[in-house]
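Structure first, commentary second.
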Amino acid sequence: MRLLPRTADANARRVVIGRSLRAVADGFVSIILPAYLLALGLDAFDVGVVGTATLLGSASLTLIVGFIISRFGHRGPLLAAAGLMALTGLAFAGVHAFWPLVVVAFVGTLNPSGGDVSVFLPIEQSLLAQSVGDQDRTALFAHYGLAGSLMGAAGTLLAALPDVAASSLGITPLGAMQALFVLYAAIGLVAAWVYRSIDEPAHHERSKVQPLGPSRGIVYRLATLFSIDAFSGGLLVQSLLALWLFQTFGISIAAVASVFFWTNILSALSLLAAVPIAKRIGLVRTMVFTHLPSNLCLLAIPFVSDLGAVIALLLLRSSLSQMDVPTRNSYVMAVVTPPERPAAASVTSVPRSLASALGPVIAGWLFSVSTFGWPLLLGGLLKSGYDIALLLMFSHVRPPEEEAKTPE
């Protein structure tokens, strides 16, 4: 069975492997992060501040990614980011005071989200786009997302280790969580080993990378819309959802890990469905028509008091909400010229990261003053508005593979 599209090259395989490794680390860190901070004596608002610092730091690094790629290629920046990941894990394992933790969160690679919002993302997107033919581009992004979701699901199960260690081995939960941050650092080093084998194009090919030119207008409009979606997503990052489940229903870390294991599995399966749907109805319609129903689940959750029903809605949402990710990434790479792709990936990622960074601190404050799921309600409303605006503004802007289709 072919794991990647036929036209994908060796670089695509290396990027997918690197993404898989990082997803394992992101999976357990996004769940243990709020529990770890609470164990250190911090409160819900502090958890939100740390989450915001991580996303602001990622946005700051992402801002210069397009320029870095044009000068140094892809391999060097990926190696540097993997090294930073290793340092981040070690620092979080050893630092206990609030403000030093905020600083480490800002300069490091910690990801409070179940998805990938780190500095790795625009580098890998750009490399993937040049590693496959146009007809297989969406499929490659779907496989990239599939690998991240499946391995992220596996990573969430590791978040249960502190409870297991406390009950079976006599290790304190805090000590077990510190050990997981060390594991996070080790995974960064393994990812660096994978990225070191990436083949760079010849220098004259790299020199063709350019800032945004003819595609500037469409990229800026997309970046604005993506920022609305990202701000909404920042209210709902996995760490903050875990915090809400801890506080509202009093369930354990192991139980939350189990819930997010299945949400990630469903997200992974949905990514496979995105490709045939996009081939049939187009990238933009796939983004919108799968995203809107998932937002209805978000709108319903705050009004449900039964834990079983809340989990069911989270699972239903996960089966729909991520189908827009590979289609969105493919769409951005498709509607710009090839030399503009690194800049387009950076320009659309930076506002997303900045906007999403505002969400955790707001959500943390809302959760500190009320157990009602205000962040979920606000996030669902804003995401629904984003979907409608995207359909109205971009349904007529078609990527090359859709333009090439003969009318039925």
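The values are calculated or read from the model by the stated rules, or taken from the named source; none is laboratory data. Since we're looking at a predicted model, the values are computed, not measured. Using ideal geometry, Cβ is built from the backbone for each residue, glycine included, and neighbour counts are taken over all protein chains shown.
Quick notes on this structure:
- Residue within region 187-203 that is within 14 Å of residue 92 (Cβ to Cβ) and either assigned to a helix (DSSP H, G or I) or at pLDDT below 80 (or both) present: yes
- Counted residues, region 130-150 - those being part of a loop (DSSP other than H, G, I, E, B) and either among the polar types (S, T, N, Q) or crowded, with 22+ Cβ neighbours inside 10 Å (or both): 3
- Only one of 78, 21, 42 that is closer than 24 Å to residue 264 by Cα and of a type outside the set (Lys, Arg): 21
- When region 1-31 is filtered for residues that are under 20 Å from residue 364 (Cβ atoms) and either more than 17 Å from the chain's Cα centre (by Cα) or of a type in the set (Gly, Ala, Ser) (or both), only 30 remains.
- Scanning region 372-388 for residues that are buried (at least 16 other Cβ atoms within 10 Å of the Cβ), of a type in the set (A, V, I, L, M) and under 19 Å from residue 320 (Cβ atoms) yields 376, 377, 382.
- For region 103-143, filtered to residues that are in contact with a His (Cβ under 9 Å, 6 or more places away or on another chain) and modelled with pLDDT of 85 or more, the residue that is farthest from residue 77 (Cα to Cα) is 127.
- Any chance residue 62 is crowded, with 24+ Cβ neighbours inside 10 Å, under 19 Å from residue 152 (Cα atoms) and in contact with a Leu (Cβ under 9 Å, 6 or more places away or on another chain): no
Matching residues to (1) touching a Gly at 6+ places or on another chain (Cβ under 6 Å); (2) surrounded by 24 or more Cβ atoms within 10 Å (Cβ to Cβ):
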{"site": "335", "(1), (2)": "no, no"}
{"site": "338", "(1), (2)": "no, no"}
{"site": "343", "(1), (2)": "yes, yes"}
{"site": "349", "(1), (2)": "no, yes"}
{"site": "353", "(1), (2)": "no, yes"}
{"site": "361", "(1), (2)": "yes, no"}
{"site": "367", "(1), (2)": "no, yes"}
{"site": "370", "(1), (2)": "no, no"}
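- Where residue 307 falls short, out of the listed (1) touching a residue at least 40 places away in the same chain (Cβ under 8 Å); (2) in contact with a helix residue (DSSP H, G or I) (Cβ under 6 Å, 6 or more places away or on another chain); (3) under 26 Å from residue 53 (Cα atoms); (4) not hydroxyl-bearing (Ser, Thr, Tyr): (3)
- Residue match in region 221-228 (condition: more than 27 Å from residue 152 (Cα to Cα), modelled with pLDDT of 90 or more and surrounded by fewer than 19 Cβ atoms within 10 Å (Cβ to Cβ)): yes
- Elements of type helices (runs of 4 or more DSSP H) contained in region 245-322, each with 1 or more residues being β-branched (Val, Ile, Thr) and farther than 25 Å from residue 367 by Cβ: 253-281, 283-300
- Check on residue 198, more than 18 Å from the chain's Cα centre (by Cα) and in contact (Cβ under 8 Å) with a residue 12 or more places away in the chain: yes
- Residue in region 258-267 that is of a type outside the set (A, V, I, L, M, F, W, C), touching a Ser or Thr at 6+ places or on another chain (Cβ under 8 Å) and modelled with pLDDT under 90 present: yes
- Scope region 34-44; condition under 20 Å from residue 371 (Cβ atoms) and in a helix (DSSP H, G or I); matching residues: 34, 35, 37, 38, 44
- Criterion (assigned to a helix (DSSP H, G or I), touching a residue at least 24 places away in the same chain (Cβ under 8 Å), touching a Pro at 6+ places or on another chain (Cβ under 7 Å) and aliphatic (A, V, I, L, M)) met by exactly one of 358, 376, 391: 376
- The listed residues are 160, 154, 166, 186, and the only one of them that is closer than 21 Å to residue 105 by Cβ and among the aliphatic types (A, V, I, L, M) turns out to be 186.
- When 300, 278 are checked against the criterion of being crowded, with 24+ Cβ neighbours inside 10 Å, more than 19 Å from the chain's Cα centre (by Cα) and of a type outside the set (Val, Ile, Thr), 278 stands alone in meeting it.
- Residue 93 vs. criteria under 27 Å from residue 194 (Cα atoms) and without any contact (Cβ under 8 Å) to a residue 60 or more places away in the chain: no
- Of the set (1) out of contact with any Phe, Trp or Tyr (no Cβ under 9 Å at 6 or more places or on another chain); (2) modelled with pLDDT of 90 or more; (3) not basic (Lys, Arg), all apply to residue 149 but (2).
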